[in-house]
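See below for the structure under consideration.
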Amino acid sequence: MQPILEVRDLSTYYHTPRGPVKAVDEVSFTLHPGQRFGLIGESGSGKSTIALSLLRLIRPPGQIESGSVRLDGVDLLSLSDEEMRQKRLADIALVSQGAMNSLNPVTRVRSLMEDGFRNHEIELSSEESEQRIAALLGRVGLPPTVANLYPHQLSGGMKQRVCIAIAISLGPKVIIADEPTSALDVVVQRRVMQTLRRVQEDIGSAVILIGHDMGLMAQFADHVGVMYAGKLVEEGPVRQIFAQPQHPYTQLLMDSLPSLDSRDMSGGVAGQPPNLLAPPPGCVFHPRCPYAFDRCRVDVPKLQMAAPHHRAACHLLDEKEKIAA
Ligand SMILES: Nc1ncnc2c1ncn2[C@@H]1O[C@H](COP(=O)(O)OP(=O)(O)OP(=O)(O)O)[C@@H](O)[C@H]1O
Ligand SMILES: [Mg+2]
């Protein structure tokens, strides 16, 4: 199967007066049509920066330094601003972190949704538009009358459903949902995630779900990527990541979870994440890694196969191979 999204060696830095913050550092991964890819990692590890980079929504002092982001074969990083604007929403849509609280408060849901059609020069009669909006709201489990409401009249769960309805309104191939439910209570979270999953399956788009909640992640994702200090340190099928994590960071993360059921990872692993202005040499995780040896302090580990479809960036994999040989 041809991948729908291929991210290669993506680096995005924030240029601060104290120097460049390497928020995303040579990240590569591939997404297949219909796949649900979960991106996890502690706060500040670069998850939102990846999301914003894929949509080219990084604002100064942030800057995409290098890499490629191929959506259906087209490198988004090579498009003009206007071409990119056309891709957004139509081909790749973002439910951004905090989106539900940034809905324009003086605009009714109807107009928020019509903006998407208008920005993509989709000409609809008012009747057609009304029907489409009702259908989209229906898909996310909301009655058509929600179109008449202002954001402040909606509960948190309803707002998030509206954000999802907007994201799917033009049938994108890829949807990125950045912590879409972290502000909601657990029951509402689960329902919203079920809705996201249902619409994703209906329209056949691939989803990148960014999150902290391992319970939700285990339920939603089929493939998981683990970010640490701007690097993708492990990725693989969700069951393998949970049952047989290969990177010591992921192992510690899994050990620190009291149970998989709705546990937040933010309490997590002992020690502090590195300063991204001056990341440690070698493996970024080595100062916190219980297994670090000499090579880890000088050599940057590359992602390598640990099992079928399962990659990790850790020198221990080479050592294991040597022992096995
Ligand atoms: N505008 C900015 N200027 C300077 N540094 C920034 C800026 N925005 C983000 N950063 C830094 O980039 C790094 C990655 O941030 P990012 O928001 O991508 O992390 P995250 O994984 O999404 O975290 P969270 O889980 O808290 O949402 C962090 O170290 C952050 O401090
Ligand atoms: Mg974030």
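Each value in this text was obtained by applying a stated rule to the coordinates, not by laboratory testing. Bear in mind that the values here come from a model prediction, so they are computed numbers and not experimental data. FYI the Cβ positions are ideal-geometry reconstructions off the backbone, even for glycines, and counts take in every protein chain you see.
Report, in whole Å, the centroid distance computed from the Cα atoms of segment 101-143 and segment 152-220.
Cα centres, segment 101-143 to segment 152-220: 17 Å.
Roughly how compact is segment 5-324, stated as its Cα Rg over 2.2 N^0.38 Å to two decimals?
Scaled against compact globular proteins, the figure is 1.03.
Using modelled amide H (1.01 Å from N, peptide plane; none on Pro or chain starts), what sits under 5 Å from the amide H of residue 304, excluding residues fewer than 5 places away?
312, 313, 314
Give the angle, between 0 and 90 degrees and rounded to the nearest 10, that separates the Cα long axis of helix 109-119 from the longest principal axis of the Cα atoms of the chain.
80 degrees
Specify the angular offset, from 0 to 90 degrees and rounded to the nearest 10, of the alpha carbon long axis of helix 156-168 from the longest principal axis of the alpha carbons in the chain.
90 degrees
Determine the shape class of segment 184-315: with a ≥ b ≥ c the square roots of the Cα gyration tensor eigenvalues, call it rounded for a/c under 1.5, and otherwise prolate if a/b is greater than b/c, oblate otherwise.
Prolate, because a/c is 1.5 or more and a/b exceeds b/c.
Using only DSSP helix segments of four residues or longer, with each worth -39500 (n - 2.57), what per-residue ellipticity at 222 nm results for the chain after dividing by its residue count and rounding to 500?
Taking each H run of at least 4 residues, the total per residue is -9000 deg cm²/dmol.
List the lysines whose Cα lies under 23 Å from the Cα of residue 320, skipping any in the same chain that are fewer than 8 positions away.
Straight-line reach from residue 320, under 23 Å: 231, 302.
Run the numbers for residue 148 and residue 28: contour at 0.36 nm per residue of separation, minus the present Cα-Cα distance, in nm.
Going from the current span to full extension adds 38.9 nm.
Assuming 0.36 nm per residue, please report the length gained on full extension of the stretch residue 291 to residue 66 beyond their Cα-Cα distance.
77.8 nm
Only Lys, Arg, Asp and Glu count, each charged at its Cβ (+1, +1, -1, -1), so figure out the dipole size of segment 1-84 about its Cα centre, rounded to 20 debye.
320 debye
As I understand it, the dipole of the chain uses +1 on the Cβ of Lys and Arg and -1 on the Cβ of Asp and Glu, about the Cα centre. Which of 3, 204, 27 lies farthest toward its positive end?
27
Express in nm, to one decimal, how much length is gained between residue 86 and residue 243 on full extension, taking 0.36 nm for each residue of separation and deducting their alpha carbon distance.
52.4 nm
Can you work out ³J(HN,Hα) from phi for every residue in segment 91-104, in order, using Karplus 6.51 cos²θ - 1.76 cosθ + 1.60 and θ = phi - 60°, giving whole Hz and x for Gly and Pro?
10, 9, 10, 10, 9, 7, 4, x, 4, 5, 9, 10, 4, 4
Amide H neighbours of residue 36 under 5 Å, at least 5 residues apart or on other chains, H built in the peptide plane: list them.
207, 222, 223
Return one number: the angle in degrees, 0 to 90 and rounded to the nearest 10, between the long axis of the Cα atoms of helix 126-139 and the longest principal axis of the Cα atoms of the chain.
Helix 126-139 sits at roughly 40 degrees to that axis.
What residue among 160, 244, 200 has the largest mean-square fluctuation in a Gaussian network model of the chain, using Cα springs under 10 Å?
Result: 244 has the largest fluctuation of those listed.
Could you identify which residue out of 127, 26, 83 has the top mean-square fluctuation in a GNM of the chain using Cα springs shorter than 10 Å?
127
Given charges of +1 on the Cβ of Lys and Arg and -1 on the Cβ of Asp and Glu, with all other atoms neutral, how large is the dipole of segment 5-324 about its Cα centre, in debye to the nearest 20?
So the magnitude is around 460 debye.
Just for the chain, what percent of DSSP beta bridges are antiparallel, to the closest 5?
The answer is about 65 percent antiparallel.
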